[in-house]
Amino acid sequence: MADLLESLNSLTGLAVALAAIATVALLAYLHHDSFPLTDFTYRVPLIGKLARYSRDLSEAKPGSWLNSELTLCRDYARHMSAISPEEFAKNSEYLRKAFDAGRKPMPKRVFGLIALLIILEAVGFSLLLSTWMALDASENLRYELTAMIVAVLAIILVMVTHAAGHQLYRTRLLRSCFKRFQAENLHMPSNDRATRTYTSRIVSLSDDQGIDDNRPQHVQCANRVATTPDDLGSYAWVWVAGLLILFIAGLSTLLRIETLQGDELAQTSVSIFGSARGGAAQSQAAQHYAAITSFWILAIVFVVTQLVGMGVGYRYGFVGKQSGEAFKAIQGCADYETYFRPIRRRMSLADLRLSSLHRMMERHLPVDLDWTRDFITFVREERKRGVTDLQDPTEVAKAATRALIEDRSGRRRDDPREPEASEDTTEEVDAPAPVVVEPGQGEA
């Protein structure tokens, strides 16, 4: 251990540590999105894929795509998988009906804050409890042993309080739905109450999300949050978290009192045999007051940390049974245009690289050619072959126009004052223009 610390203190050890951290960060970024790496391998001068593929003029079929064109398009198409507008609307509807619209997973900055609080809390309790851990061991060993035990305890506390906060939100939501169901039944004839249930059916993400449109909102919510028809939630984790916090707080208080009493007895005996005067007693009282004050500050920090853990669990995360999958599918976007905009930008960039490949190929040809194939043509041909995870930007724009017309028609039916849409509405609504990427411009 001492050798490791000495190595890290040296410049070589520091460089190795920084290199390891940078490597892990780079691998994590590439695992999250490797599109920049793919684009970089094509753009490298002289030895890049564009330079090498421009010398390959072989055809997959006579008069069809060149092998180099197909390779480029397929390499870029791997990073452009997207769901259809219909699938996006289905996932968004699931989130809306489960009352998870607007919620999101725990952000990384919040996770970092919780980790920092765990570390600080563990350090504080290590100093508090080290006096009572392994009394026959050395001081350093006691600190290390106590730090490990308190770190495990702090992690368990964070997990329990996070689960308690999440369960608190879910239970309050389900019981609010049940109260609305009960209030609704009070105003219904007694013969109709038997046909009304708290949940009409358990709805999964694969089902048609309009299957319970005729039901009230609270029934729609319960259909997607409740795991059983009579699920009203539970406060079990809340009770566990509360009892665990009280137990740790009480035990820590007892240990601190015992420690202070032991110190007072030791100082009193020294005072008796050493003939201490009044100044020593005042110093002892001041030390006792400082120790008590520091302990209560630590206790407040401990309680606040647990409340923060519960608040994070209450604020973030999803309560719908498949809301996490729905959020991941739409990538947290509010509308399809926001979701598809990065894909459209990447398609424009891939088309730009394909054009660059064509220009580089012309250097190896005796005549100039009129290239009629582009990346959008490749996407349309792939869709004809049955590939469903590639979306045609033109079809996406048409779907957005149809959705806008249907939304206006729905508002007009709900509100007679809404002006009627003219017959040439499709011509008035401009389709989103494709994003044009200038030559040499990469993706941010």
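The values are calculated or read from the model by the stated rules, or taken from the named source; none is laboratory data. Because the structure is predicted, anything quoted here is derived from the model rather than measured. Every residue, glycine as well, gets a Cβ built from its backbone with ideal geometry; the counts of neighbours run over all protein chains shown. These accessible areas exclude ligands, DNA and RNA; they are computed on the full protein's heavy atoms, side chains included. Shrake-Rupley method; radii C 1.70, N 1.55, O 1.52, S 1.80 Å.
Some values worked out for this structure:
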quantity: Close pairs from the range 162-185: first in contact (Cβ under 8 Å) with a residue 24 or more places away in the chain and among the basic types (K, R), partner assigned to a helix (DSSP H, G or I) and open to solvent by less than 50 Å² (accessible area, probe 1.4 Å), Cβ under 6 Å, at least 6 apart; calculated: R180/H218
quantity: Meets criteria (closer than 19 Å to E86 by Cα, at pLDDT 65 or above and either part of a loop (DSSP other than H, G, I, E, B) or open to solvent by 40 Å² or more (accessible area, probe 1.4 Å) (or both)) for E406; calculated: yes
quantity: Residue within the range 295-317 that is among the basic types (K, R), part of a helix (DSSP H, G or I) and touching a Phe, Trp or Tyr at 6+ places or on another chain (Cβ under 7 Å) present; calculated: no
quantity: Residues (assigned to a helix (DSSP H, G or I) and open to solvent by 80 Å² or more (accessible area, probe 1.4 Å)) located in the range 38-68; calculated: F40, R43, R52
quantity: Flag if F125 is in contact with a helix residue (DSSP H, G or I) (Cβ under 6 Å, 6 or more places away or on another chain) and either buried (at least 17 other Cβ atoms within 10 Å of the Cβ) or at pLDDT below 85 (or both); calculated: yes
quantity: Residues (part of a helix (DSSP H, G or I) and surrounded by fewer than 18 Cβ atoms within 10 Å (Cβ to Cβ)) located in the range 359-378; calculated: R359, M360, E362, I376, T377
quantity: Qualifying residues in the range 316-357 (those that are over 32 Å from the mean Cα position of the chain (by Cα) and touching a residue at least 24 places away in the same chain (Cβ under 8 Å)) - the one nearest to S58 (Cα to Cα); calculated: L357
quantity: Residues being in a loop (DSSP other than H, G, I, E, B) and surrounded by 17 or more Cβ atoms within 10 Å (Cβ to Cβ) - total across the range 220-248; calculated: 3
quantity: Matching residues in the range 318-331 - criterion: being in a loop (DSSP other than H, G, I, E, B) and either of a type outside the set (G, A, S) or open to solvent by 40 Å² or more (accessible area, probe 1.4 Å) (or both); calculated: F318, V319, K321, Q322, Q331
quantity: Any chance K108 is within 31 Å of the chain's Cα centre (by Cα) and at pLDDT below 90; calculated: yes
